[in-house]
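Take a look at the structure set out below.
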Amino acid sequence: MVVVSVTTGMRETEVLALRWTDIDHEKKLITIQRSLYRGKFGEPKTPLSNRELPLHAAAEAAILALKASTHNRGEYVFTSPKGGVYWANTVLSKVFKPVAERLGLPAFSWRSFRRSAETLMMSTGVPVKAQQAMLGHATLDTTLLYADANLEQKRLAGQKLGDSIFPEFSHIANGVATRLVN
């Protein structure tokens, strides 16, 4: 679940509703066409949430390992030991929370995976429309709400801003002037 979540930015309701038939190993695609919310299957959150996502090699390896394991118990990719589908809150409380505590990490949620995916896409230069399509957001505004700029990105933005306004200082690097300014 985690590998699929971090490589796609899918909502937990989409991850938990994945069927084996939603995964196309030949085309390297995951098709999102349903969600699982509070134990009920339904349509994805928005019309743009019905989408195809690229299947990253790490996610494919995890899915193939799961398919070959004893946990492969039916039509859904992620099934509980009893063969039913997982509830998002159960995974959060019984898996994510204890793992975070054991590793000394701050508490995180399913949304943390989506926010991290968005932040990484933004910081690596993925076009914003592609980010929106990956996350299945109806509006760009929602996509932008998910992104967090890190210090290095803010430093770069500040440098570009300052260089545009004061180009004569653009040659100062690491506190050492590379040319004198009058």
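Readers should treat all values here as calculations from the given coordinates under stated rules, not as data from a laboratory. Source: prediction; values computed, not measured. Here the Cβ is made from the backbone with ideal geometry for all residues, glycine too, and neighbour counts use every protein chain on show.
Please find, in a Gaussian network model of the chain (springs between Cα atoms separated by less than 10 Å), the residue of LEU92, LEU145, LEU161 whose mean-square fluctuation is greatest. Comparing LEU92, LEU145, LEU161 in a Gaussian network model of the chain, the most mobile one is LEU161.
Between the helical axis of 110-123 and the dominant principal axis of the chain, each derived from Cα atoms, what acute angle in degrees is found, rounded to the nearest 10? With both axes taken from Cα atoms, the answer is about 40 degrees. Between THR21 and LEU48, the distance separating the two model label sites (each 7 Å from Cα on the Cα→Cβ line) works out to 2.8 nm. Ordering ALA157, VAL95, LEU145 by Cα displacement along the dipole of the chain toward the positive end leaves VAL95 in first place; charges were set at the Cβ atoms of Lys, Arg (+1) and Asp, Glu (-1). Looking only at LYS160, LYS94, LYS82, which one moves most when the chain is put into a Gaussian network model with springs between Cα atoms under 10 Å? In the Gaussian network model the winner is LYS160.
Given the C-alpha centroids of segment 21-49 and segment 100-133, what is the distance between them in whole angstrom? Value for the Cα centre distance between the two parts: 20 Å.
Think of each Lys and Arg Cβ as +1 and each Asp and Glu Cβ as -1; about the Cα centre, that makes the dipole of the chain roughly 520 debye.
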